[in-house]
Amino acid sequence: MLNLAELSAVMSVYRSVRVGMVLGLGLVWRTVRQCEGRAGLRAVSGSAAVQGLRAGEHSWLCGSTAAVLHTVQGRVEVRQNFITEEEENALLQELEPGLKKKRYEFDHWDDAIHGYRETERAQWGSVCTGLLSRVRGVAFPEGSPLLGPVHVLDLDKAGYIKPHVDSVKFCGSTIAGLSLLSDSVMRLVLEDNSAEWVDLLLSRRSLYILRDEARFKFTHEILKDADSYFLGQRVPRQRRISVICRNLPV
Ligand code: OGA
Ligand code: MN
């Protein structure tokens, strides 16, 4: 298992080779997304969600078949209104000054993400520290070693995240993300059979959690505004900031 210093060292090698983005503590999130080389393999039409099978009690989950919903059961979770408006504002206040200094990236041909800027943060004020420990408390297995810095991804209104799997070398079993400023649709597509998919409605201020098979066997993506539908219902995509916690591989 890598500690943070080793992880930074590994990633800075990638950075110099790939001319990635240099980030504060040296983690290169592009590497996290791209090591597996799965970005942009397929595009699933947004209208596929119209035939979606709704998952019983969950208003935020639908999928192509009962079988795929069974596969992700307990391995995907969306907690609506996980943070309050005040907490969202506290996060934005801490993040906006740094983000505003960066430009949105639109033109990296090898990128899993189109129209984004990103950063990471290890130290937070008291309100954010509190809500992040709530995130960690509900998302990660007890005692699981966590990736220290929190990853912050700011998607322009025209931005989107193409299908990819986060690197298994650098990230562990669980990915937990808060969505700020906009609703959005996250699509998971089974790597072995791209006809099988599930859509998650990520409402503004919700927390999503992807675990185990849902994280390893499916690609995940955030739909672009033009394709942003959940069960046939339009979900307008505004600028969206996500605050993502990950654990380390064991
Ligand atoms: C990523 C990613 C999802 C999100 O950065 O690898 O998948 O919610 N982000 O922004
Ligand atoms: Mn990802």
> Based on the Cβ-Cβ distance of A226 and E142, what FRET efficiency does E = 1/(1 + (r/R0)^6) give at R0 = 45 Å, to the nearest 0.05?
Replying inline: 0.60
>> Probe radius 1.4 Å, ligands and nucleic acids ignored: give me the carbon and sulfur share of the accessible area of segment 75-182 as a rounded percent.
In response: 50
> For the pair V250 and D107, how long in nm is the line joining their label points, each one 7 Å along Cα→Cβ?
Replying inline: 4.6
> So between N193 and A122, what do we pick up on full extension, going 0.36 nm a residue minus the alpha carbon distance?
Replying inline: 21.8 nm
>> Give the lysines whose C-alpha is closer than 17 Å to that of K100, dropping any in the same chain fewer than 8 places away, or say none.
In response: K157
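Can you work out the FRET efficiency for the pair K100 and F216, with r the C-beta to C-beta distance and R0 = 25 Å, to the nearest 0.05?
Efficiency, from the Cβ-Cβ distance: 0.10.
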> If you roll a 1.4 Å probe over the heavy atoms of the protein chains, what accessible area per residue do you get for segment 117-250, in Å²?
Replying inline: 33
>> Taking R0 as 30 Å, what FRET efficiency do you get between Q80 and K157 from their Cβ-Cβ distance, rounded to the nearest 0.05?
In response: 0.85
> Distances over 26 Å make up what percent of all Cα-Cα pairs in segment 110-250?
Replying inline: 21
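The values are calculated or read from the model by the stated rules, or taken from the named source; none is laboratory data. What you see is a predicted model; the values in this text were computed from it and never measured. All Cβ positions, even for glycine, are placed from backbone atoms using ideal geometry, and neighbour counts span all protein chains on display. To get the accessible areas, we keep the full protein, side chains included, count just its heavy atoms, and leave off ligands, DNA and RNA. Shrake-Rupley method; radii C 1.70, N 1.55, O 1.52, S 1.80 Å.
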